[in-house]
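As structure tokens, the structure follows; a few thoughts come after it.
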Amino acid sequence: MAEIIFPKDFLWGAGTSSYQIEGAWKEAGKGESVWDVFSHIPGKVDNNENGDIACDHYHRYEEDILLMKELGLKVYRFSINWPRLFPKGFGEPNIDGMRFYDNLINGLLENGITPLVTLYHWELPQALMLNGGWENRETAEVFADYAEFCFRAYGDRVKKWTTFNEAWIVAYEGYVGKGQPPADKRNDHFAECMVSHHINIAHAKAVERFREVIGDGEIGIAQVIAPVYPDEDTKSNKAKALIADGILNRWYMDPLFFGKYPEDIISFNKQKYNFEFKPDADDLKFIKDNPCDYIGINHYSPFRAKDNGKDKLFDWEGCMWGAQKPERKYTGMNWEIEPQGIYDSIMRLHKDYGKPKLYITENGAAFDDENIVDGVVQDDNRVDFYKGYISACARAVQEGANLKGYIAWSLMDNFEWCRGYSKRFGIVRVDFATQKRTIKKSGRWYAAVIKNNGFEI
Ligand code: GCO
């Protein structure tokens, strides 16, 4: 038996995002987000499901706060639905929407739970998408105004903020893949670059406003961070892995820390897609000169790059490029279970980017959850997943990484984007027919981890 113990001030939490849990998509003055529109297009989501009701958290947030309290969460990560506050993205705020987040924040604080607020978990107001979305540079300025509004409205009580969730998903899935709105174009790698750049500008502008408006507190960004291992150790697999790593990780970290985009990816795009991405030097300086306080790591699985001789670098469906192997284990998303991946992600940021402050802002697993005894999901597979990954985090902390907290994904089963309700990530089960919540075995286990600040394996 070994004991895994974390530093005293380690922040334990669980996360959600607004579209995935709130529901009330048309209520109380809320405007449409791109996901409201996208999920209603037939064929975009498995079984044509949508987030119209989701976990009905908009009406049940008080009950949900009590659940969080029962679990002993120190921090709760959630996102603000931008068009709930500003139906068209800017202009007059919607008072009912403001009140909802006021009540949620107050309820959390009354129960001793620290709110960690994400400003953008993919709920772009549809009105802004019709105006070019993130391809239009103006969106960055509108975002900064929305961010400032939130700092002024809630910053007296909310001290922990995240600007964006997973810029890579917004840029890549929206403009090359098909899993994010607008998903009306294919293989537009130039748009992918533009969108990521405008998000970086928006992020830096929000950080700048944060420093002006809020004296204390911290602000960061949550990104997908994952190592890309060559599937087998061949020269050509290694070469693909390096490019994939550049597109996935370095493209998002280098501008924030070094004020530049990786040269190898710029030339890769030039060679392969025939465009040269040359952002303004002032933009890059601005991004670098407004550093945030921490990087949030959203990590689930490593990637395996395999040279399949084809042009297409990514086969995101199935979340990997290498073939599944019998000796590897996978979650219900077919994502590989490999705790070394989270360790490598943490240490990589630590070493390559000057020991930044880090949080794990998302980590967790979907499983079928079929073994239910007396109403309680016996999800030993999820417990094992968490044991492995949290132990790997502990190892990184021991080796000096500045990792300050861990946020499990997710507090409860919810709308898993294009997979609808078929994939359950919660440590709390939601029966979507009745909206009944029941803490899973993994939730009980996690509550004990929080209480003891560690566990035995
Ligand atoms: C993401 C999002 C979450 C997902 C989770 C599981 O990483 O895609 O931040 O909203 O639900 O990651 O896929």
Worksheet, complete the sentence: Any residue on another chain or 5+ positions along whose placed amide H is under 5 Å from the amide H of residue 357 is listed here as 295
Fill in: Residue order, fewest to most beta carbons within 10 Å, for 69, 235
235, 69
Worksheet item: Counting pairs of alpha carbon atoms under 8 Å apart in space and at least six apart in sequence, what relative contact order in percent does the range 3-456 give?
Response: 18 percent
Practice prompt. Could you give the DSSP H helices of the chain that reach 18 angstrom or more along their long axis (alpha carbon positions) and whose average Kyte-Doolittle hydropathy is no lower than -0.5?
Written response: 95-110, 138-154, 189-213, 380-398
Discussion item. If I take R0 = 30 Å and measure r between the Cβ atoms of residue 208 and residue 278 in this structure, what FRET efficiency does the formula 1/(1 + (r/R0)^6) give, to the nearest 0.05?
Written reply: 0.80
Practice prompt. Would you kindly state how much longer the chain becomes between residue 431 and residue 37 on full extension, computed as 0.36 nm times their sequence separation minus their alpha carbon distance, in nm to one decimal?
Written response: 139.3 nm
Practice prompt. Would you mind checking which residues have amide H under 5 Å from residue 333's amide H? H placed 1.01 Å from N; only 5 or more apart, or other chain.
Written response: 366
Discussion item. I need 248, 403, 411 ordered by Cβ neighbour count within 10 Å, fewest first.
Written reply: 248, 403, 411
Worksheet item: Amide H neighbours of residue 14 under 5 Å, counting only residues 5+ apart in sequence or on other chains, H built in-plane at 1.01 Å?
Response: 75, 77, 408
Fill in: the range 427-450 residues near the modelled residue 376 label - backbone nitrogen below 15 Å, point 7 Å along Cα→Cβ
427-429, 438-449
Worksheet item: Put a dot 7 Å past each Cα toward the Cβ at residue 353 and residue 368; how far apart are the dots in nm?
Response: 3.7 nm
Worksheet item: To the nearest 20 debye, what charge dipole does the range 3-456 have about its Cα centre, counting +1 at the Cβ of each Lys and Arg and -1 at the Cβ of each Asp and Glu?
Response: 720 debye
Discussion item. Quick check on the chain: of the DSSP beta bridges with both residues there, what percent are antiparallel, nearest 5%?
Written reply: 25 percent
Worksheet item: When a footprinting reagent is the concern and you count Cβ atoms within 10 Å, what order do 434, 331, 162 take, fewest first?
Response: 434, 331, 162
Worksheet entry | Value of [θ]222 nm, deg cm²/dmol, for the chain, DSSP H segments ≥ 4, -39500 (n - 2.57) each, nearest 500 | -11500 deg cm²/dmol
Worksheet item: Considering only Cα-Cα distances, which of the following residue pairs are longer than 28 Å: 238/270; 240/260; 69/159; 26/178; 272/325?
Response: 272/325
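FYI, it's all coordinate maths here, none of it is from the lab. Predicted, not measured: the structure shown is a model, and the values here were computed from it. All Cβ positions, glycine included, derive from the backbone under ideal geometry; neighbour counts span all protein chains shown.
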